Amino acid sequence: MTYRGRFAPSPTGPLHAGSLVSALASYLDARAHGGRWIVRIEDVDAPRTVAGAADDILATLAHFGMHSDEPPVWQSQRDDAYAQAFAQLQAAGLIYPCGCTRREIADSLVHAHARHATLAYPGTCRNGLNGRPARAWRLRVPDGDAACIAFVDRWQGPQSQDLATEVGDFALKRADGLWAYQLAVVVDDADARITHIVRGADLLDSTARQIYLQRCLGVPTPSYLHVPVLNNEAGEKLSKQTGAAPLERNSPLDALVQAARHLGLDASSARTLDAFYATATAGWARRFGR
Ligand code: GLU
């Protein structure tokens, strides 16, 4: 097997200490396997994309010693690939248009909550739009035992999610006409022949959906490793929304040593970027194999 890994930042702002942890973990896993590491700019959500952020992220990664082994992939240029996957699912009868507004879905979830029922999309439009205009397009998830998706995460251990009761039919095309993250990420990983996904544990909850979508499209399921996310002092995931500071470019080694420490690796003796990557890669390989 030829290892192919990736780091897939959304260009909504500069890299911060939290996203550095995900970048570093994916990079170390690729190096520990002697594999390739590819950066993908996840700018499918155009309204959230910040001008200049992608270039800033790529420059920061390079400054920190992480270079994509292939030209970075930009989701904004992959519309045809998403449309083709969408058409394939449509031809197989797996997707349907949904006329529910956000408000209607929120209300039905509140009712479900009051009844202590599940918080999954209730499948209102499964059997037709009832004269309403189409908004989003959803993937039909199976019922019964087939809805349970199980996988073993290399960091978090055995995982399972019942798509029918915990998620419900999920959107692949949004009401605003944009491709949903779930579709884009699965199509991109498959087209890039990604074998190993290493990313933040905030995406653990999306993984069952992605595995199910891979099965619907007939593409391989990569192996998964979700690293713990870095929290701020208030216990919130470090992100642009919670006010994470951009990485300081003038002290890459310090930031990398900190990120490695969060991953359980001691590289504090390193005095150069090369020494840091050698130590951290060896530590990662001891822990996660090659
Ligand atoms: N673009 C996503 C993020 O920045 C990551 C997606 C992924 O790694 O699958 O949170």
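The values are calculated or read from the model by the stated rules, or taken from the named source; none is laboratory data. The shown structure was predicted, so the numbers you read here are calculated from the model rather than taken from an experiment. Cβ coordinates were reconstructed from backbone atoms using ideal geometry, including for glycine residues, and neighbour counts include every protein chain displayed. Just the protein is used for accessible areas: all its heavy atoms, side chains included, with ligands, DNA and RNA removed. Shrake-Rupley method; radii C 1.70, N 1.55, O 1.52, S 1.80 Å.
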### Query
Can you tell which of A8, L213, A175 lies farthest toward the positive end of the dipole of the chain, using +1 and -1 charges on the Cβ of basic and acidic side chains (Lys, Arg; Asp, Glu)?
L213
#### Entry: Per residue solvent-accessible surface (Å²) - the chain, probe of 1.4 Å
47
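What FRET efficiency, computed as 1/(1 + (r/R0)^6) with R0 = 41 Å and r the Cβ-Cβ distance, is obtained for L273 and Q156, rounded to the nearest 0.05?
0.90
Report the charge-dipole magnitude of region 107-246 in Debye, nearest 20, computed about the Cα centre from +1 at each Lys and Arg Cβ and -1 at each Asp and Glu Cβ. Walk me through the numbers before you get to the answer.
Working: 15 positive and 15 negative charges, 87 e Å.
Dipole about the Cα centre, nearest 20: 420 debye.
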### Message
What does the charge count around S10 come to, taking other residues whose C-beta lies under 11 Å from its C-beta (Lys +1, Arg +1, Asp -1, Glu -1)?
### Response
0
### Query
What is the Cα centroid distance between region 186-244 and region 4-33, reported in whole angstrom?
11
### Query
Going toward the positive end of the dipole of the chain, with +1 on Lys and Arg Cβ and -1 on Asp and Glu Cβ, which of P228, S160, I197 do you reach last?
S160
### Summary
Isolated cysteines for the chain, Cβ-Cβ cutoff 4.7 Å, are C100, C148, C216
## Note on the structure
What one gets for region 138-290 as the Kirkwood radius, inverse of mean 1/r over different Cα pairs in Å, is 17.9
#### Entry: Formal net charge of residues neighbouring R36 (Cβ-Cβ distance under 12 Å; K, R +1; D, E -1)
+1
### Query
Percent relative contact order of region 143-290, based on C-alpha pairs within less than 8 angstrom and at least six residues apart?
18
### Task
For an R0 of 30 angstrom, estimate the FRET efficiency from the Cβ-Cβ distance between R102 and R193 and round to the nearest 0.05.
0.25
### Query
Between A134 and R48, what length comes free when the chain is fully extended (0.36 nm per residue of separation minus the Cα-Cα distance, one decimal in nm)?
28.6 nm
### Value of Rg/Rh across the chain [Cα atoms, Kirkwood radius]
0.99
### Query
Which of V44, V73, V152 moves the most in a Gaussian network model of the chain with Cα springs under 10 Å?
V152
### Summary
Using a 1.4 Å probe on heavy atoms of the protein chains only, the accessible area for E166 in Å², nearest 10, reads 100
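Once every DSSP H run of n ≥ 4 in the chain is given -39500 (n - 2.57) and the sum is divided by its residues, what mean residue ellipticity at 222 nm do you get, rounded to the nearest 500 deg cm²/dmol? Don't jump to the answer; show the numbers that get you there.
Numbers: 8 runs with 105 residues, N = 290.
It lands at -11500 deg cm²/dmol.
If you take every DSSP beta bridge whose two residues both sit in region 109-264, what share of them, in percent to the nearest 5, is antiparallel? Before the final figure, lay out each step's value.
Details: 11 of 17 bridges.
Bridges in region 109-264 that DSSP calls antiparallel: roughly 65 percent.
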### Task
Report Rg(Cα)/(2.2 N^0.38 Å) for region 65-210, keeping two decimals.
1.16
### Query
Any idea what the dipole of the chain comes to, in debye rounded to 20, about its Cα centre with Lys/Arg Cβ at +1 and Asp/Glu Cβ at -1?
340
### Label-to-label distance, nm, for residues given as A59 and A234 (7 Å Cα→Cβ offset)
3.0
### Query
If you place +1 on the Cβ of every Lys and Arg and -1 on the Cβ of every Asp and Glu, how big does the dipole about the Cα centre of region 13-152 come out, in debye to the nearest 20?
580
### Carbon/sulfur fraction of accessible area - the chain, other protein chains in place, 1.4 Å, %
51
